[in-house]
Each structure stands twice: as structure tokens, then as C-alpha cells.
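The structure appears below as C-alpha cells.
Quick note: the coordinates plus some simple rules give every number you see, no bench work behind them. No experiment lies behind these values; they were computed from the predicted model shown. Here Cβ is always computed from backbone atoms with ideal geometry, including for glycine, and neighbour counts include all displayed protein chains.
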Amino acid sequence: MSVLALVEIRAENTESVKERLTEMEYVLAIYELLSRFNLALIVELENEKALFEFMTLKVRTIPGVKETKTNIIQNGIVI
């Protein structure tokens, strides 16, 4: 399953959070945003259980991560 995960980070932790995320399995892309959420991740996981474990046990435990919001991608076109 493909997921768009939005991540809100404390300003002083932006670089360290990005570094940790780039090392994580399942993360295909990271985009910096100019919004309440600082990063958008494109993540590819096997199922909803793997998504729950990835977000709660890996992403949300990174120091500096304030909040996350996940969106399962239903359909998409890669150009």
C-alpha cells in the first residue's frame, strides 16, 4: 500500500528528523513543505498493520516529531 504521511516537526529538529527518516526502510521520498506539516513522506508498506507499526513505533518516536497525519493513496499516476 502507498501512503502519503505528513510530519510536523519542531523547528530546531528539522535536519535530524530528515536524517533519521532517510535511513528508514519503506520511505521512498521526502518532501519539505511550507505549511503546518514540515515534511511529506511517500511510504510503501505491505498492509495496515505495517503502517500502524511504522508510524507509531518508528516515525512518532523520533525526537522532535510533534504530530503525524497519514493518508492512504487509493489511485495514482507516476509521470
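Structure values in brief
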| item | result |
| --- | --- |
| Residue selected from segment 31-79 under the condition surrounded by 11 or more Cβ atoms within 10 Å (Cβ to Cβ) and among the small types (Gly, Ala, Ser), by the criterion nearest to GLU19 (Cα to Cα) | GLY64 |
| In segment 36-67, residue farthest from the chain's Cα centre (by Cα) [restricted to those that are of a type in the set (Gly, Ala, Ser) and closer than 16 Å to ASN13 by Cα] | GLY64 |
| Qualifying positions in segment 1-28 - closer than 15 Å to ILE73 by Cβ and either within 9 Å of the chain's Cα centre (by Cα) or among the hydroxyl-bearing types (Ser, Thr, Tyr) (or both) | SER2, VAL3, LEU4, ALA5, LEU6, TYR26, VAL27 |
| Residues satisfying the stated conditions in segment 1-22, i.e. touching a residue at least 60 places away in the same chain (Cβ under 8 Å) and part of a strand (DSSP E or B) | SER2, VAL3, LEU4, ALA5, LEU6, VAL7, GLU8 |
